[in-house]
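This report refers to the structure that appears directly beneath it.
Please treat every number below as a calculation from the coordinates, not as lab data. A quick note: this is a predicted structure, and the numbers were derived from the prediction, not measured. A quick note on method: Cβ atoms are made from the backbone with ideal geometry, for glycine too, and the neighbour counts reach across all protein chains shown.
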Amino acid sequence: MDKKNVIEFFDRLAHEWDADMVRDSAVIGEILDAAQIAEGIRVLDVACGTGVLIPDYLARNVRAVVGVDISPEMIRIAQAKFVDPRVSFINTDIEALCLPETFDRCMVYNAFPHFPDPRRLIRGLASHLAPGGRLTVAHGMSRAAINRHHSGGAAGVSRELESEKEIAALFEPFLRWILLYPMRRNI
C-alpha cells in the first residue's frame with residue numbers, strides 16, 4: 001500500500017466525507033465507553049479524518065484531543081470545524097510522528113485496515129501512551145461489512161481486517177501497556 005495513494009484517496013474524498021458518513025451514535029457510545037473516554041483525559045485520535053469523533057470526546061469533557069491524519073484535506077476540514085482550545089490537529093503520517101507528550105487514550109476508529117503493517121502501527125502507538133494508557137482499535141460496522149466496503153473503491157488503500165484471534169495476537173506483546181477490551185458486538 002503506497003502512502004502517496006492513501007493521501008490522494010482521502011484528499012479526494014474529504015469534501016464529501018461528512019455527508020457520506022454513516023454514524024451510529026449507540027455504537028460510538030459503546031466504543032468510547034469501552035475505551036474509557038472520560039473527563040480530564042488526553043486523547044490521540046489516529047486517522048481522525050474530518051474529526052468524526054471530536055464532538056463525542058468534547059461531550060465527555062476530555063482535557064485535550066490531538067487528531068492526526070495523513071490527508072492534508074481531511075485535516076484542513078477538521079481544523080475549520082473545531083475551534084476549541086482542547087483540540088489540535090497534526091497533518092502527518094502517524095507512523096513517523098514523534099511527540100514529546102504521551103496520551104491517556106489512543107483511538108483508531110474506522111481506520112485500521114488502511115495501515116499496511118498493523119504490528120508496526122500498534123508498536124508505535126503503544127509508545128505514545130502514558131502509563132496505564134489504553135489503545136482502542138474499533139470499527140462502527142462488522143468485519144464482513146468492512147471487508148466488503150474496502151474491496152471496492154478503497155481496495156488499493158486498504159487491506160482485509162484481521163480476525164479477532166489475529167488482532168488479539170497482534171496486541172499480545174503490548175498488553176503490559178495496553179488493555180484490550182472486546183466489544184459485545186461481532187467485530
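Whole-Hz Karplus values for region 45-57 come out as 9, 8, 6, 5, x, 8, x, 3, 8, 4, x, 5, 4 Hz, taken residue by residue from phi with 6.51 cos²θ - 1.76 cosθ + 1.60 and θ = phi - 60°; glycine and proline positions read x.
For the pair Glu101 and Asn61 in one chain, pulling the backbone fully straight at 0.36 nm per residue adds 12.4 nm over the alpha carbon distance. Using a Gaussian network model of the chain in which every pair of alpha carbons under 10 angstrom is joined by a spring, one finds that among Gly67, Gly140, Gly153 the greatest mean-square fluctuation is at Gly153. Magnitude of the charge dipole for region 3-174, about its Cα centre and with charges confined to Cβ atoms of Lys, Arg (+1) and Asp, Glu (-1), is about 220 debye. Calculated mean residue ellipticity at 222 nm for the chain: -11000 deg cm²/dmol, from DSSP H runs with n ≥ 4 weighted as -39500 (n - 2.57), summed, divided by the residue count and rounded to 500.
Between the amide H of Phe89 and those of Gly67, distances stay under 5 Å, these residues lying 5 or more places away or on another chain, with hydrogens modeled in the peptide plane. For the chain, the residue among Ala126, Val66, Pro116 whose Cα projects farthest onto the positive side of the dipole built from Cβ charges is Ala126.
Between the alpha-carbon centres of region 34-72 and region 122-175 there is a gap of 17 Å.
When the chain is treated as a Gaussian network with alpha carbon springs shorter than 10 Å, the biggest mean-square fluctuation among Leu58, Leu99, Leu32 belongs to Leu99. Panel order for Met21, Met107, by other beta carbons found within 10 Å of each beta carbon, from fewest to most: Met21, Met107. Taking 0.36 nm per residue of separation and subtracting the Cα-Cα distance, full extension of the segment from Arg119 to Ala144 would add 6.9 nm. Of [x] 27, 21, 13; [y] 24, 19, 16; [z] 21, 21, 17, which is the value of semi-axes √(5λ) of the Cα gyration tensor in Å derived from the coordinates here? Here the calculated entry is [z].
Summarising the amide proton neighbourhood of Ala130: residues at separation of 5 or more, or on other chains, whose placed amide H is nearer than 5 Å comprise Phe103, Asp104. Distances between placed amide hydrogens fall under 5 Å for Leu135 paired with Cys106, Leu179, all partners being 5 or more residues away or on another chain.
In this rough spin-label picture, where each label sits 7 Å from Cα along the Cβ direction, the Ala26-Lys3 distance is 4.0 nm.
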